[in-house]
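See structure below.
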Amino acid sequence: MKKKILALLLAVAMMATLVACGGDSGDSGSSGDGVVVTIFNSKSEIQSQFEEMAEEYNASHDGVTLEVYYSSDTVAAHMASKYSSNEPYVLSMVDAKDVYSLGPDHAIDLSDESYVGDTNYAITIDDQVLAVPFCIEGRGLMYNADAIEKITGETFDPTKYTTLDAFKELIDELKAGGMEAPCGVMKEDWSLAGHFFSEIYEEQEDVNAFVDSLYAGEADLANNEKFNSLMDTFDVLRDNNYAADSAIAAERETSEQKLASGEIAFMFGGNWDWAVLNEYEPSENMGLMPVPQNTDDGTNEKLVGGGSKYLFIDSSDNVTDEQRQAAKDFLTWLYTEEDGNTFLTETCGVVPAFSSIPVEGLDPLSTSIAEYVEKDALIPNYDYLPDDHYSKVGATMQQYLDGKIDRAGLAKAVEDYWSSTTPVER
């Protein structure tokens, strides 16, 4: 009986909440509490933080109700479904390529907003600022310096291991010192294809020309210098993977826990990984370093990164002027006020893309990104991967990780993928 009563009370509470929120994002935008601002968040690792922030923001901003949503669909597919049903979000967090495809028809001009002049990463189309960056993100090789120093007895200096030869010597030293398998490799397609393999494109001398050659079926990956350089490094990570015998069964959380505790020393990733590492009482003596490569063009001294995830405000008739103004006010709070800045840097642990935002309080991985930003040592992200690149190239990389195909087979499969897919506008 108590369970039935509790269920009834919960149902009533949920109904009351729905009434208070004024329905879905396609309504007039008003509710019993004032203006509703629906927000699409496409960063899954900060969804709970975003929801908690929204509750606090709502409590301190009378007449405004933020509602934060997330979808596991691709950003492009999810946004297409919202627009086809005439239920756009007031404020959307999307990828750069989505801004170029959606922005001209669906985004308002933010040029006059006070914070725009503080960033180099805003997206401008036809002299209008249509989207601003949520943060700067970067990727490279995550390391646990405490674990390394415990064996070597020396302060770990990542700049000494920019070449693959030097990195392999360190791996051998760690193994000789008792660390059975110094590396971890995440099996997830977004990590393998969206983050590691993407660096092969990003390090090309002319990225767009190289991608065009892939679309045209003219690229020769098997003999491409960057493909082989980065896959040489991947092979070292794979061969020294703690889960080498069952790489496709390894869970991300387990790998992150091993890195946090120092059971392993290295794993490719990005500063977003701190949200997971932080669950396992990690060492503070951690960071991100460039992917070691035997190259002389300087790319082995840089991380890959830049503006990541972009926010735009909808311009359609399905959103009211009051909602748009409330969304503008939220962005001003986020980028110019102390509480908003703290949400970005301390709660979400992201590197701010605005020069006026203090970088104190960043986690160790984000601190590394900030240091590379300061010395202008970031290889720009390539933002125009096809939507199915993660799943298709990711599946092929998983086969390679699992030893099911060799490097020649990997190159051929990736070439076949690109030559059969529809080019992304850029």
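For the stretch 220-242, a residue qualifies if it is among the hydroxyl-bearing types (Ser, Thr, Tyr) and either within 22 Å of LYS187 (Cβ to Cβ) or at pLDDT below 95 (or both), and the qualifying residues are THR233, TYR242. Among the residues of the stretch 259-274 satisfying the criterion of being among the aromatic types (Phe, Trp, Tyr) and out of contact with any Phe, Trp or Tyr (no Cβ under 7 Å at 6 or more places or on another chain), which is surrounded by the most Cβ atoms within 10 Å (Cβ to Cβ)? If we take residues in the stretch 259-274 being among the aromatic types (Phe, Trp, Tyr) and out of contact with any Phe, Trp or Tyr (no Cβ under 7 Å at 6 or more places or on another chain), then TRP274 is surrounded by the most Cβ atoms within 10 Å (Cβ to Cβ). Could you list, in sequence order, all residues of the stretch 289-332 that are within 25 Å of ASP376 (Cβ to Cβ), part of a loop (DSSP other than H, G, I, E, B) and open to solvent by 50 Å² or more (accessible area, probe 1.4 Å)? Residues satisfying the conditions are ASN294, ASP296, ASP297, LYS302. Going through the stretch 246-258 one residue at a time, which ones are open to solvent by less than 10 Å² (accessible area, probe 1.4 Å) and either under 19 Å from the mean Cα position of the chain (by Cα) or free of Cβ contacts under 8 Å to residues at least 12 places away in the same chain (or both)? Selection gives SER255, GLU256. Kindly check whether there is at least one residue in the stretch 345-362 that is over 30 Å from PHE227 (Cα atoms), hydroxyl-bearing (Ser, Thr, Tyr) and assigned to a helix (DSSP H, G or I). Taking every residue of the stretch 345-362 in turn, at least one turns out to be over 30 Å from PHE227 (Cα atoms), hydroxyl-bearing (Ser, Thr, Tyr) and assigned to a helix (DSSP H, G or I). For the stretch 162-170, the count of residues that are among the polar types (S, T, N, Q), open to solvent by less than 10 Å² (accessible area, probe 1.4 Å) and at pLDDT 95 or above is zero.
Comparison of THR347, THR342 shows that the only residue that is out of contact with any Leu (no Cβ under 9 Å at 6 or more places or on another chain), more than 27 Å from SER101 (Cα to Cα) and touching a residue at least 40 places away in the same chain (Cβ under 8 Å) is THR347.
Might you check whether a residue that is more than 30 Å from TRP272 (Cα to Cα) and modelled with pLDDT of 95 or more occurs anywhere in the stretch 29-49?
Yes, the conditions are met somewhere in the stretch 29-49.
Restricting attention to the stretch 96-138, the residues that are within 30 Å of SER191 (Cβ to Cβ), crowded, with 17+ Cβ neighbours inside 10 Å and out of contact with any Phe, Trp or Tyr (no Cβ under 9 Å at 6 or more places or on another chain) total 2.
For the stretch 147-161, filtering for residues that are open to solvent by less than 20 Å² (accessible area, probe 1.4 Å) and small (Gly, Ala, Ser) leaves 1.
The residue list TYR400, TYR390, TYR335 contains one member that is at pLDDT 95 or above, surrounded by 15 or more Cβ atoms within 10 Å (Cβ to Cβ) and closer than 29 Å to VAL132 by Cα, which is TYR335.
The condition of being within 16 Å of SER308 (Cα to Cα), open to solvent by 10 Å² or more (accessible area, probe 1.4 Å) and either modelled with pLDDT of 95 or more or in contact with a Leu (Cβ under 6 Å, 6 or more places away or on another chain) (or both) holds for LEU378.
Restricting attention to the stretch 186-221 and to residues that are aliphatic (A, V, I, L, M), under 24 Å from LYS302 (Cα atoms) and open to solvent by 10 Å² or more (accessible area, probe 1.4 Å), the residue that is farthest from the chain's Cα centre (by Cα) turns out to be ALA209. Filtering GLY138, GLY178 for residues that are under 27 Å from TRP418 (Cα atoms) and either touching a Gly at 6+ places or on another chain (Cβ under 8 Å) or not in a strand (DSSP E or B) (or both) leaves a single hit, GLY138. Figure legend. Inter-residue proximity from the stretch 299-310: first residues more than 23 Å from ILE123 (Cα to Cα), second residues of a type outside the set (S, T, N, Q) and part of a strand (DSSP E or B), beta-carbon distance below 7 Å, spacing 6+ or different chains. Indicated pairs: THR299/ILE379; LYS302/LEU378; LYS302/ILE379. Against the numbered list (1) in contact with a Leu (Cβ under 9 Å, 6 or more places away or on another chain); (2) open to solvent by 10 Å² or more (accessible area, probe 1.4 Å), MET179 comes up short only at (1). Close Cβ contacts (under 9 Å, 6 or more residues apart or on different chains) running from residues in the stretch 49-66 that are over 17 Å from LEU344 (Cβ atoms) to residues that are of a type in the set (A, V, I, L, M) and open to solvent by 20 Å² or more (accessible area, probe 1.4 Å) comprise ASN58/VAL64; GLY63/VAL35; VAL64/VAL35; THR65/ALA20; THR65/VAL35.
The values are calculated or read from the model by the stated rules, or taken from the named source; none is laboratory data. None of the values given here were measured: they were computed from a predicted structure. Backbone-built Cβ (ideal geometry, glycine too); neighbour counts: all protein chains shown. All accessible areas refer to the heavy atoms of the entire protein, side chains included, with ligands and DNA or RNA removed. Shrake-Rupley method; radii C 1.70, N 1.55, O 1.52, S 1.80 Å.
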